[in-house]
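What follows is a single structure, written as structure tokens, with notes after it.
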Amino acid sequence: MQLDSKQPGGPLADKWDNHIFDLKLVNPANKRKFEIIVVGTGLAGGSASASLAELGYTVKTFCIQDSPRRAHSIAAQGGINAAKNYPNDGDSVWRLFYDTIKGGDYRSREANVYRLAQISNQIIDQCVAQGVPFAREYGGLLANRSFGGAQVSRTFYARGQTGQQLLLGAYGALSRQIAAGKVTLFTRQDMLDLVVVNGQVRGIITRNLISGRIEAHAADAVVLATGGYSNVYYLSTNAMTSNISAACSAYRKGAVFANPCFTQIHPTCIPVHGTYQSKLTLMSESLRNDGRVWVPKTPGDKRQPRQIPESERDYYLENRYPSFGNLVPRDVASRNAKVQCDADKGVGETGLAVYLDFEDAIKRDGKDVIAKKYGNLFQMYEKITADNPYEAPMMIYPAVHYTMGGLWVDYNLMSSLPGLFVLGEANFSDHGANRLGASALMQGLADGYFIIPYTIGGYLSGASIEKVSTDHQAFRDSVQAVEARIQKFLSIKGRRTVDDFHRELGTIMWEYCGMSRNDENLLKAKERIGELKGEFWENVLVSGSAGQFNQNLEKAGRVADFIEFGELMVTDAMARKESCGSHFSEAFQTEENEAKRDDENFCHVSVYEHGGDNKDPVCHKEPLVFENVELTQRSYK
Amino acid sequence: MTQEKGEKSINLTVKVWRQEGPVVKGRLETYEARNISTNMSFLEMLDVINEELTLEGKEPIAFDHDCREGICGMCGAMVNGRAHGPEKGTTLCQLHMRHFSDRDTVVIEPWRSRAFKLVRDLVVDRSAFDKIIQAGGYISVNTGGSPDGNAILVPQEAAEKAMDAAACIGCGACVASCPNASAMLFVGAKVSQFALLPQGKPEAEKRALAMVREMDDLRFGNCTNERECEAACPKEISITNIARLNREFLKASFF
Ligand SMILES: Cc1cc2nc3c(=O)[nH]c(=O)nc-3n(C[C@H](O)[C@H](O)[C@H](O)COP(=O)(O)OP(=O)(O)OC[C@H]3O[C@@H](n4cnc5c(N)ncnc54)[C@H](O)[C@@H]3O)c2cc1C
Ligand code: FES
């Protein structure tokens, strides 16, 4: 398989402009004749649907929830980056580009990341015009704060609800196009298959979640913006319906998958407290601006935090990384928390937590200032834990949060299947082996507002696309396959619930393919997932019937795909014999226990092609070429 | 798992509204929820009941949820007659079982309103909210061509107040708890967000009129100042937003 990333030539700073000029345009009068399916209404899908419809395309938009406004993006808290340099602290497009490449541990494409940094500024302008209530200074100018992995203040925010406000902006734009008749909206729909006709992607198969009906939808191109797959781990900060199924269906149909093992573990989440737990809650990374992370110096010290004097506390991030301190990138912060807990310095009942302390910040700035910045986060923490962070330090622990891996796309955001585009967290494009905070919102909106509107035109004007309707045999075959799979779930009538399987998969993935990886554990994971898969297809218990609102059945499909995908993640983790960013392989570390890359052998994107049912995937490599930055050992000291 | 500090285990009698679909009759069914940890969330308690029902070969309770952190607006039900349950400013997914006592009886019912059709059990159709937004709950700017973000100055106080209004999660608790099933708090919040910001001014009149007309067409009721919406709102959106909506609407109607 030839993987052509289609990165344009020329100087880095001119690539995107030149490319826009080179892309063929669709005649404005012809745009409405092209039908585009967008799956997903998060920041990526919502912004893409609206922008494509504004250009005149006929758009059909799908989501799982009852309203596009409820996509998982709504939960993003901390903020969105842009290279505006409003605070005059030395930021620039180049610096944002550089920080992102370095933060990703040199495993992303220069051209894509540079474009992202360029577009970041337009996103802020667009969102302000839409009425997004960003935080302001007294004079009325936009306010900024700092996030991990950067020494400049470039994060724009709307209290602790930045994702919500940006998504409501995109939802407003989408609603306007629905009212104008340019977008047809399909809510409570679950995409279960992708339809390929003559080598081109021409539609999707969905299940209407209310009636259970299986529906076929045809189009000239399909855009997937279906989010990330952190829920492979069962417990994660993602919403409950976040899934891999849409992407998996594309993978099975031939779209290749990049870097599946790159999953981000976020350092500041509320620790796990019981086996009944259904999800984990993130405490925004912005808290690390003012909160200080520490553990007791003495292992096993069970005193209350306020009884441990300053001299007996280890502010391990500040001590180890004096220049970035508490603001080191997420992978570094998470791994260090694990190291402390493994050394029996963890706090709380379970010993799997570290302190995030605001005492000094409150002394310095006053309670009011802290409350204004983080009030809603403190409140959320108190609701869940019944502890008051104004008085006692928060307890936090890392949790699975984001997936850098995703469907492989070229510079145009087109997958390896012609006519299938992938946006937002669902693609692999910009974050390499580790994403910096406040960069996912930026990427989702860059993809949807400012990239796909251009690149999809290049495809539609250049490809010869025949008329195809849902009567085509490929659609019928697909519908049949989807229905057969559903009948299979219902007919097994075993003794274990879907959640029970999901929980076990999560434990396997977290224990053996989580924050720290080694071959022995990965082999164990492989074996146990194989067994779990076997048992699932013989012993799962799905209640109800196919032709009804059936949340159990919905979940069964998702968990079946998570199990299959978990295998691919483990395969990828074993194949990458280096440590980079979030992928920490114990055999590859520096003397100071930092991730040690192997640029000679692993400076590539690992790209997997589905090998067929029950066959091993085929691994391809897209080499990464760095012409503008020098690869160095990441240091945040 | 060891017990956390203050964690207790309680037993509850739970009565849940079960209804297969919009046209069949529904009824309350009684379940015993045993060994419920007080650290669980309300939805996790429902998960426990559902696992048991599934294993008994019965159909689990259908309920909407997604983020489970109080922001997506997907969850919601009447708990002992109160939208999202007894805790102020809390969505159902953020309500924890430590607010209940051993041997309590808990009655759970769906949102009831003319404008929200029942789908199944606790799940209702809130697409009427989307229709209200489609009528004008946005600022009409296309992608591209916007001025620099700092070209538009927004006084900090205006931004903060707009944010207070924009915090609405569209869950429908306001409608469900209003004796008239009015959507005035929902509409008031959106109209206020934009009325407070300079970007929203050009379309302010059109927006208020269009959204109110749509709300009426969708058969939401009138506001008679009962203030139940404000009390039920998990985001504590203030009814001053309704007053602002009324002012905007009057301005638009007269001039
Ligand atoms: C708690 C939390 C806080 C975060 N905070 C930040 C932050 O401060 N800054 C930042 O930059 N990033 C943050 N992130 C990351 C960021 O929110 C996400 O990466 C981003 O929002 C993903 O957007 P998306 O549009 O790609 O997908 P999503 O928002 O996940 O949307 C996916 C969409 O696809 C639809 N969909 C999925 N599967 C199917 C299917 N099979 N059929 C039909 N539809 C389907 C869903 O209905 C939904 O509409 C945070 C993430 C979490 C979990
Ligand atoms: S599940 Fe999202 S608000 Fe409750």
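The values are calculated or read from the model by the stated rules, or taken from the named source; none is laboratory data. Since we're looking at a predicted model, the values are computed, not measured. Methodologically, a virtual Cβ is constructed for each residue, glycine included, from the backbone with ideal geometry; neighbour enumeration extends over all protein chains shown. With ligands, DNA and RNA removed, areas are computed over all heavy atoms of the protein, side chains included. Shrake-Rupley method; radii C 1.70, N 1.55, O 1.52, S 1.80 Å.
Is it the case, given these coordinates, that A:G494 is more than 18 Å from A:T263 (Cβ to Cβ) and either open to solvent by less than 30 Å² (accessible area, probe 1.4 Å) or outside any helix (DSSP H, G or I) (or both)? Judged against the criteria, A:G494 is a match.
The rows are residues; the columns are (1) surrounded by 23 or more Cβ atoms within 10 Å (Cβ to Cβ); (2) under 20 Å from B:A232 (Cβ atoms); (3) not assigned by TED's automatic domain parsing to the domain that holds B:A204.
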site	(1), (2), (3)
B:G149	yes, no, yes
B:A158	no, no, no
B:A162	yes, no, no
B:A166	yes, yes, no
B:C174	yes, yes, no
B:C178	yes, yes, no
B:A181	no, yes, no
B:F186	yes, yes, no
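Residues in region A:228-240 include at least one that is closer than 30 Å to B:G21 by Cβ and without any contact (Cβ under 8 Å) to a residue 60 or more places away in the chain. Answer with yes or no whether B:S41 is in contact (Cβ under 8 Å) with a residue 60 or more places away in the chain and within 30 Å of A:E349 (Cα to Cα). No, not satisfied.
The single condition among (1) out of contact with any helix residue (DSSP H, G or I) (no Cβ under 8 Å at 6 or more places or on another chain); (2) open to solvent by 20 Å² or more (accessible area, probe 1.4 Å) that A:D500 does not meet is (1). When region A:390-417 is filtered for residues that are closer than 18 Å to A:L624 by Cβ and part of a strand (DSSP E or B), the ones remaining, listed by number, are A:G406, A:L407.
Can you find even one residue in region A:552-563 that is assigned to a helix (DSSP H, G or I), modelled with pLDDT of 95 or more and touching a Cys at 6+ places or on another chain (Cβ under 6 Å)? Let's see the steps before the verdict.
First pass over region A:552-563, keeping only residues assigned to a helix (DSSP H, G or I): A:552-563.
Remaining after also requiring modelled with pLDDT of 95 or more: A:552-563.
Those still in the list that are touching a Cys at 6+ places or on another chain (Cβ under 6 Å) too: A:561.
Within region A:552-563 (the criterion being assigned to a helix (DSSP H, G or I), modelled with pLDDT of 95 or more and touching a Cys at 6+ places or on another chain (Cβ under 6 Å)), the answer is yes, since at least one residue qualifies.
Say whether the condition of being within 23 Å of A:Q77 (Cα to Cα), open to solvent by less than 10 Å² (accessible area, probe 1.4 Å) and within 16 Å of ligand 1 (Cβ to nearest atom) is met by at least one residue in region A:416-424. Checking region A:416-424: at least one residue is within 23 Å of A:Q77 (Cα to Cα), open to solvent by less than 10 Å² (accessible area, probe 1.4 Å) and within 16 Å of ligand 1 (Cβ to nearest atom). In this structure, A:Q77 does not qualify as closer than 21 Å to B:I133 by Cα, part of a loop (DSSP other than H, G, I, E, B) and within 16 Å of ligand 2 (Cβ to nearest atom). Of all residues in region B:29-50, those being more than 9 Å from chain A (Cβ to nearest Cβ) and of a type in the set (D, E) number 2. Restricting A:I119, A:I178 to residues that are open to solvent by less than 10 Å² (accessible area, probe 1.4 Å) and not in a loop (DSSP other than H, G, I, E, B) narrows the list to A:I119. Can you find a residue in region B:133-150 that is over 25 Å from the mean Cα position of the chain (by Cα), within 9 Å of chain A (Cβ to nearest Cβ) and assigned to a helix (DSSP H, G or I)? Within region B:133-150, one or more residues are over 25 Å from the mean Cα position of the chain (by Cα), within 9 Å of chain A (Cβ to nearest Cβ) and assigned to a helix (DSSP H, G or I). For region A:85-107, does any single residue satisfy the condition of being surrounded by fewer than 24 Cβ atoms within 10 Å (Cβ to Cβ) and facing chain B (nearest Cβ under 8 Å)? Scanning region A:85-107 turns up at least one residue that is surrounded by fewer than 24 Cβ atoms within 10 Å (Cβ to Cβ) and facing chain B (nearest Cβ under 8 Å).
Just so you know, in region A:273-283 the residues that are touching a residue at least 40 places away in the same chain (Cβ under 8 Å) and in contact with a strand residue (DSSP E or B) (Cβ under 7 Å, 6 or more places away or on another chain) include one that is nearest to ligand 1 (Cβ to nearest atom), and it is A:L282. Being among the hydrophobic types (A, V, I, L, M, F, W, C), within 13 Å of ligand 2 (Cβ to nearest atom) and open to solvent by less than 20 Å² (accessible area, probe 1.4 Å) is a description that does not apply to B:V106. Condition (residue is within 16 Å of ligand 1 (Cβ to nearest atom) and part of a helix (DSSP H, G or I)) applied to region B:74-90: is it met by at least one residue? Checked region B:74-90: no residue is within 16 Å of ligand 1 (Cβ to nearest atom) and part of a helix (DSSP H, G or I). Considering region B:209-238, the residues that are buried (at least 16 other Cβ atoms within 10 Å of the Cβ) and among the acidic types (D, E) include one that is farthest from ligand 2 (Cβ to nearest atom), namely B:E214. When A:L441, A:L460 are screened for being away from ligand 2 (no atom under 16 Å from the Cβ), outside the structural domain of A:S579 (by TED's automatic domain parsing), hydrophobic (A, V, I, L, M, F, W, C) and within 11 Å of the chain's Cα centre (by Cα), only A:L441 passes.
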